[in-house]
Amino acid sequence: MIVSLVRYNPNSGSLKKALDLCEGLAGLKNSDSVLIKPNLVISGPPSQKPTGMVTSATLMEELILILKENGVSDISIGDGSIQVKELGTSTDTAMDWSGMSRLAAKYDVKTIDFNRGPFKEFKVDGVKIRVTRAPLEADFLINFPVLKTHAQTRVTLGIKNLKGCLSPGSKKTFHKQDLEKFIAFLGQQIKVDLTIIDGLYGLQKGPMGKDIHPMDLIIAGRDMVSVDMVGSAVIGIDPYEVNYLRYIANSQGRSLDLSRLDVRGERIEDVAKKLIWEYPWCEELLEKYRIRGIACEDPGNHFCSGCTVTAFAGLNRFFRENQGRCFKDVEICMGRNEAHEGSEKVFLVGKCSVNANPEVDGAIAIKGCPASTKEVYEELSNYLT
Ligand code: SF4
């Protein structure tokens with residue numbers, strides 16, 4: 001399998017070189033409908049640059065121009081971003097924040113909100129999931145993720161990026177099941193014609209945040225698993241450590257041995273940079289604000305993005321306003337974590353946590369799905385200040 005690994009230099013045709021090296025556009029007809037699936041995980045505030053968290057507008061513009069040079073006129077950009085009404089985030093706001101809306105207007109490109117469907121239903125282990133039809137029906141699907149670590153799955157590259165093609169409800173369903181097995185299933189249902197990893201930056205402790213590291217790379221290929229293997233290795237994570245890659249390798253009887261790939265351009269060892277993927281964000285917030293007496297374990301894979309975003313915002317505000325304080329035996333539970341005996345005051349953040357702790361006397365239940373940022377902040381403030 002061919003994978004191109006190319007250093008990015010502005011205005012020097014790096015993306016074209018990467019596509020040429022891996023024969024990325026071979027077979028593309030100018031009459032084809034081309035759908036580009038970037039990583040537009042969520043929109044940030046205007047004060048925050050989108051750099052390294054979502055697919056860069058710079059590379060997207062280069063890709064659109066290359067497609068147009070190849071005579072393609074039917075081009076769409078689609079994704080299903082995290083939508084939280086309370087925080088005002090949606091696919092539309094992510095399209096705006098990332099610069100995709102501007103490009104769409106400039107080049108007569110359509111934008112599609114995958115969260116709105118229509119959807120096609122699949123079953124995994126007897127569990128129903130719904131996938132947006134647009135990526136299943138495009139003539140030529142280009143998966144265009146970012147070079148990012150992920151606090152739950154270690155990396156989020158091409159295969160994991162396809163999670164944005166799920167309905168909002170199915171995104172939650174994935175976290176209630178074996179997340180990585182379900183991601184592997186999705187990666188084998190959606191036929192991707194070309195995967196390009198935007199590696200201008202690598203995101204540490206992803207998939208959101210600002211911990212970005214310049215990498216100046218583009219990784220591309222026709223085989224998504226091979227591209228993800230190289231992407232993982234480039235940020236110092238052995239492909240065998242990525243469970244969803246292992247699931248796919250096992251089900252297809254294929255190897256994750258990098259030496260079997262035909263990597264063209266740079267050598268992995270010459271450009272690799274180790275990035276940290278683990279991110280116990282709640283514990284790090286407590287440390288940052290020097291707060292004692294509150295326990296908050298990492299919720300693991302059963303905590304979805306919606307709750308991660310809302311809980312983070314609510315807790316961050318409360319901790320910031322109470323920095324340096326010492327509390328007594330307080331515990332904050334998220335996902336399916338069970339409260340420990342001996343905690344004097346327990347807060348259950350989100351419906352999943354409430355369901356996982358039905359018998360905790362006096363627990364403060366913040367029931368939303370996702371939990372409300374306002375409620376998280378207010379309940380902590382009410383009971384602890
Ligand atoms: S309560 Fe939170 S973690 Fe549970 S399904 Fe809803 S959004 Fe996901």
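Values in this text are rule-based calculations from the coordinates and carry no lab data. Every value quoted in this text rests on a predicted model; they were computed, and no experiment measured them. Heads up, the Cβs are rebuilt from the backbone with ideal geometry, glycines too, and the neighbour counts pull from every protein chain shown.
Here are some notes:
- Electrostatic dipole magnitude of the chain [Cβ: Lys, Arg +1; Asp, Glu -1; Cα centre; debye, to 20]: 460 debye
- Filter on 110/176; 210/367; 128/176; 106/205 - keep pairs with C-alpha separation over 24 Å: 110/176; 210/367; 106/205
- Among beta bridges identified by DSSP and lying wholly in the chain, the antiparallel ones come to about 40 percent.
- Around the Cα centre of segment 131-195, unit charges on the Cβ atoms of Lys, Arg, Asp and Glu (plus for the first two, minus for the last two) sum to a dipole of about 320 debye.
- A crude spin-label estimate for the pair residue 250 and residue 49, with each label 7 Å from Cα along the Cβ direction, gives 4.2 nm.
- Label-to-label distance, nm, for residues given as residue 274 and residue 188 (7 Å Cα→Cβ offset): 3.3 nm
- A DSSP coil position with no more than 15 other Cβ atoms inside 10 Å describes the following trypsin sites (Lys or Arg not before Pro) in segment 5-38: 29.
- Full-stretch length increase - residue 65, residue 238 - with 0.36 nm per residue and alpha-carbon distance subtracted: 58.9 nm
- Per-residue Karplus couplings for segment 236-245, computed as 6.51 cos²θ - 1.76 cosθ + 1.60 with θ equal to phi - 60°, are listed in order as x, 10, 4, x, 5, 7, 9, 4, 5, 5 Hz, Gly and Pro entered as x.
- Just so you know, the Cα atoms of segment 152-203 work out to an Rg and Dmax of 11.7, 33 Å.
- Placing unit charges on the Cβ atoms only, positive for Lys and Arg and negative for Asp and Glu, gives segment 255-385 a dipole magnitude near 460 debye about its Cα centre.
- Of all DSSP beta bridges in segment 47-197, antiparallel share, percent nearest 5: 65 percent
- Contact order, relative form, for segment 281-384: 27 percent (alpha carbon pairs under 8 Å, 6 or more residues apart, mean separation divided by residue count).
- Restriction of the trypsin sites (Lys or Arg not before Pro) in segment 186-236 to DSSP coil positions whose beta-carbon has at most 12 other beta-carbons within 10 angstrom yields 191.
- Two-decimal ratio, the chain, of alpha-carbon radius of gyration to 2.2 N^0.38 Å: 1.01
- Mean separation of Cα contacts under 8 Å (6+ apart) over length of the chain, as relative contact order %: 16 percent
- Remark: the residue 369-residue 121 segment gains 87.0 nm on full extension, using 0.36 nm per residue and subtracting the alpha carbon distance.
- Taking only the alpha carbons of segment 143-267, we obtain Rg and Dmax values of 13.7, 41 Å in that order.
- Multiplying the residue separation of residue 325 and residue 340 by 0.36 nm and subtracting their alpha-carbon distance yields 3.2 nm.
- As a length-normalised measure over Cα pairs under 8 Å and 6 or more apart, the relative contact order of segment 1-118 settles at 27 percent.
- Violating pairs (Cα-Cα greater than 27 angstrom) within the set 17/172; 16/181; 148/181: 17/172; 16/181
- The residue list 71, 319, 203 was ranked by how far each Cα lies along the charge dipole of the chain toward its positive end, using unit charges on Cβ atoms, and 71 comes out on top.
- Alpha-carbon centroid distance for the pair segment 1-47 / segment 317-363, whole angstrom: 44 Å
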